[in-house]
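Comments concern the structure below.
The values are calculated or read from the model by the stated rules, or taken from the named source; none is laboratory data. The shown structure was predicted, so the numbers you read here are calculated from the model rather than taken from an experiment. So basically every Cβ, Gly included, is an ideal-geometry build from the backbone, and we count neighbours across all protein chains shown. For the accessible areas, the whole protein counts, side chains as well, though only heavy atoms, and no ligand, DNA or RNA atoms are used. Shrake-Rupley method; radii C 1.70, N 1.55, O 1.52, S 1.80 Å.
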Amino acid sequence: MTPCFAITSSERAFPRHPYSVRAARDHAAAVASRLAPPPPPLPAGDDRLDDVLVCVSELATNALVHGAPPDCGFLLRIALVRTSATGAATLRVEVHDDGKDLPPQDPDRPLVSAPGREGEPGTGGRGLLLVSALADAWGVSPFRGGAGKAVWAEFRFPREAAGKR
């Protein structure tokens, strides 16, 4: 018997602007709460929704800071894939940018930038560590639709299907 899959998705482009990170997070919250597999839906304040939103923020920030060339923004794609055979679902968020450089793709050792001045912790460079800790899987792929790349994170439902936490 072949399992049946249902895919529901949303995508939206965001301009190169610092407010785009918050707008992407807000958009992801609205989409995730609408797409989330029942029961129950992902209400605001749910820790799994928080995980998704932190990862969206980190991936969008990385796209703006490191990936998108001047005058280019990023594309946020959110997809929910359900299988009727098991009832499990995976929520996948992807942030696409036109950057040519692919970050390292070792989920066990995400890239971390060097700390600030001697004795001071750096103020950035830990976004992929957060993504690695919060998502069930993450990675980098060349963008299927043309130039650039997609950095993605996946969250499995029910939580037991993830084998984490």
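Brief remarks on what is shown
- Test result for Gly146, assigned to a loop (DSSP other than H, G, I, E, B), open to solvent by less than 70 Å² (accessible area, probe 1.4 Å) and modelled with pLDDT under 85: yes
- Considered as a group, the residues in the range 26-50 that are modelled with pLDDT of 80 or more and surrounded by fewer than 20 Cβ atoms within 10 Å (Cβ to Cβ) include one that is nearest to Gly127 (Cα to Cα), and that residue is Asp50.
- Of the residues making up the range 90-104, not a single one is in a loop (DSSP other than H, G, I, E, B), within 24 Å of Ala28 (Cβ to Cβ), modelled with pLDDT under 90 and in contact with a Phe, Trp or Tyr (Cβ under 7 Å, 6 or more places away or on another chain).
- Of all residue pairs spaced 6 or more apart or on separate chains, those with beta-carbon atoms under 9 Å, a first member in the range 1-20 that is at pLDDT 90 or above and a second member that is of a type in the set (S, T, N, Q) are Phe14/Ser20.
- Residue match in the range 107-130 (condition: within 14 Å of the chain's Cα centre (by Cα), modelled with pLDDT under 85 and either open to solvent by 30 Å² or more (accessible area, probe 1.4 Å) or among the basic types (Lys, Arg) (or both)): yes
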